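Colleague: Have a look at this one.
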Ligand code: GAP
């Protein structure tokens, strides 16, 4: 069992490694940061892009009848009315009467062991809140005197296209990425003529005015969501939903996540339009098991709403029966920040070594690692070694692209550095490569494995195949 302080320490270590090694920086860092916003650094953007590539491959290229999209972020103001976000997309907040600090009541209730569902009404939340007020203290001043909870809308407003001084109707930033898919359902039908069941897939940004962004990338105000929306015949949702759930769980295992850190959780209270909803939970450091991805049977709600609000017929014409109907939508949605955190946490290990020292290593799936391999000359002041290492570097770079050149410090330090960013292999060009000590070893290099630390001699001509 891992206790809480160990889990907190692991989160702190991951946050620190992420900054130290160029994965994730606090947003607007030189100005003291901006809560709930993070920037991905040189190693982070590589890891993030690799996650996206594997996700896209699994959800577009490996599937039949799945199509990608990339919708504009700004949308017509009616979209968020049709989707229910302007009226119902909120968190219950209360103010401390002593110092004005705002708390998120559902989270505070959770912390004292009371489950408040996100679908509860303001009155229901307040009823629960009143039963435990004596246990909830203000995080700033320590008082227990709060206003009643009230709904706080999470949509982020912009002034796009508004040139009046009064402020016209706001154009919102997207509260969820999937609306861009629903808005293009008809365009895809008209341009691609897909037959049901078919999927539309998108990675796009979403923004939420979270009152208490926390736990690093877990709860942020700006996020990217990777969504699949499977359109099915109304009575063909159940089997497809089960297949989808398993498919998504299997994908996490396929990218190297430990199955013991994953589990399904069914939602107890469904929003009124949903037929079923599950989370895939990950055992996050500091939090324990919590939502990584949502899998939702959204029925015909989204397309029906957009049909009503836009006045455009969004029904599908069934080529077999000649019937027109609104397909049901089965959705999978994962925040890439949360996924990035899960990948980092799962790969992160601190190991004691035989020489009494320790190392930190990211045991990332090779297809996710920022660099596939690092190349270095044993000594950077020996021109023959550097020249040979440069040749090997150029050859591998042509093949893989993401190859690191590392000649800083001694070889031991280079290994530690590459371990910390998860590089699966390190190649060292030494005097044996030049054939100075043993002619039979000429044009071979040392290849060190990140996970075992074992070293092998491999001929330069066989390196590409070996690494693949
Ligand atoms: N379209 C469905 C939808 O947006 P959601 O459960 O609100 O559903 C889907 O969000 C996923 O987006 C979550 O499972 C989580 O991975 C991610 N997510 C939601 N809010 C987030 C936040 N504030 N910060 C980071 N990720 C978030």
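Colleague: Could you list the square roots of 5 times each eigenvalue of the Cα gyration tensor of region 35-99, that is, the equivalent ellipsoid semi-axes, sorted largest first and rounded to whole Å? Could you put the intermediate results ahead of the total?
Modeller: Working: eigenvalues 230, 109, 27 Å².
Result for region 35-99: semi-axes of 34, 23, 12 Å.
Colleague: Here is a follow-up. Expressed as an acute angle from 0 to 90° and rounded to the nearest 10, what is the orientation of the C-alpha long axis of helix 411-421 relative to the principal long axis of the chain?
Modeller: Roughly 20 degrees, rounded to the nearest 10.
Colleague: How would 85, 76 line up from fewest to most surrounding beta-carbon atoms within 10 angstrom?
Modeller: On the way: 85 19, 76 12.
Listing 85, 76 from fewest to most nearby Cβ atoms yields 76, 85.
Colleague: What fraction of the Cα pairs in region 151-282, stated in percent, has a spacing above 21 angstrom? The partial results should precede the final answer.
Modeller: On the way: 5175 of 8646 pairs.
Summing the P(r) tail past 21 Å for region 151-282 gives 60 percent.
Colleague: Restricting to Cα atoms and excluding each atom paired with itself, what does the Kirkwood estimate give for the chain in Å?
Modeller: Working: mean 1/r = 0.0395 Å⁻¹.
Across the chain, the inverse of the average 1/r is 25.3 Å.
Colleague: From the P(r) of region 1-139, can you give the percent of Cα pairs sitting at distances over 20 Å?
Modeller: Details: 6930 of 9591 pairs.
Looking at region 1-139, the distances longer than 20 Å represent 72 percent of pairs.
Colleague: So what is the orientation-averaged projected area of region 15-55, using the convex hull of its C-alpha atoms, in nm²? Each step should come with its number before you reach the end.
Modeller: On the way: hull surface 12.6 nm².
Convex hull of Cα atoms, orientation-averaged projection: 3.2 nm².
Colleague: Another question about this same structure. Over region 62-134, what per residue volume does the convex hull of the Cα atoms give, in whole Å³?
Modeller: On the way: hull volume 14.7 nm³, N = 73.
Expressed per residue, the convex hull around the Cα atoms of region 62-134 is 202 Å³.
Colleague: I would also like to ask the following. Quick check on region 160-216: take the gyration tensor over C-alpha atoms, sort the square-rooted eigenvalues as a ≥ b ≥ c, and tell me if it's rounded (a/c under 1.5), prolate or oblate. Don't jump to the answer; show the numbers that get you there.
Modeller: Values: a/c = 4.52, a/b = 1.49, b/c = 3.04.
Because a/c hits 1.5 or more and a/b fails to exceed b/c, region 160-216 counts as oblate.
Colleague: Relative to the first principal axis of the alpha-carbon coordinates of the chain, what is the inclination of helix 301-310, with its axis defined by its Cα atoms, in degrees from 0 to 90 and to the nearest 10?
Modeller: 60
Colleague: So for 28, 5, 90, fewest C-beta neighbours within 10 Å to most, what's the order? Can you show the working numbers first?
Modeller: On the way: 28 12, 5 9, 90 16.
Fewest-to-most ranking of 28, 5, 90: 5, 28, 90.
Colleague: Rounding to the nearest 10 and keeping the result within 0 to 90°, find how far the Cα-based axis of helix 383-400 lies from the longest principal axis of the chain.
Modeller: Approximately 40 degrees, to the nearest 10.
Colleague: Further question on the same structure: Any idea what the relative contact order of region 107-164 is, in percent, if you count C-alpha pairs under 8 Å spaced at least 6 apart? Walk me through the intermediate numbers first.
Modeller: On the way: 28 pairs, mean separation 16.3, N = 58.
In percent, rounded to a whole number, it is 28.
Colleague: Here's another thing I want to ask about it. Using only alpha carbon pairs under 8 Å that are at least six residues apart, calculate the relative contact order of region 134-276 and give it in whole percent. Please report the intermediate quantities before stating the final value.
Modeller: Working: 127 pairs, mean separation 24.2, N = 143.
Once divided by the residue count of region 134-276, the mean separation gives 17 percent.
Colleague: For region 104-215, what is the convex hull volume of its Cα atoms per residue in Å³?
Modeller: 202
Colleague: Still on this structure: For the chain, calculate the relative contact order in percent as a whole number, restricting contacts to Cα pairs under 8 Å that are 6 or more residues apart.
Modeller: Reported relative contact order: 12 percent.
Colleague: Continuing with this model, one more query. Which distance in Å, rounded to a whole number, links the C-alpha centroids of region 403-426 and region 1-63?
Modeller: With region 403-426 and region 1-63 each reduced to a Cα centre, they are spaced 20 Å.
Colleague: Which of rounded, prolate or oblate describes region 374-468 when judged by the alpha-carbon gyration tensor and an a/c cut-off of 1.5?
Modeller: Values: a/c = 1.38, a/b = 1.22, b/c = 1.13.
Because its axes are fairly even, with a/c under 1.5, region 374-468 counts as rounded.
Colleague: What list do you get for 425, 365 if you sort them by fewest beta carbons within 10 Å? Please list the in-between numbers first.
Modeller: On the way: 425 22, 365 18.
Ranking 425, 365 by Cβ neighbours within 10 Å, fewest first, gives 365, 425.
Colleague: In 10 Å bins starting at zero, report the fraction of Cα pairs in region 259-409 per bin as a rounded %.
Modeller: Percent of pairs per bin, in order: 9, 20, 21, 18, 15, 10, 6, 1.
Colleague: Given the Cα-Cα distance of residue 169 and residue 133 and 0.36 nm per residue of separation, how much length would full extension add, in nm?
Modeller: On the way: separation 36, 0.36 × 36 = 12.96 nm, distance 3.82 nm.
Result for the pair: 9.1 nm of gain on full extension.
Colleague: Quick check: from the Cα gyration tensor, does region 365-428 come out rounded (a/c under 1.5), prolate or oblate? Don't jump to the answer; show the numbers that get you there.
Modeller: Details: a/c = 3.17, a/b = 1.28, b/c = 2.48.
Because a/c hits 1.5 or more and a/b fails to exceed b/c, region 365-428 counts as oblate.
Read the figures in this text as sums done on the coordinates, not as results from a lab. Not measured: the values here are computed from a predicted model. Every residue, glycine among them, receives a Cβ derived from its backbone with ideal geometry; neighbour counts consider all protein chains shown.
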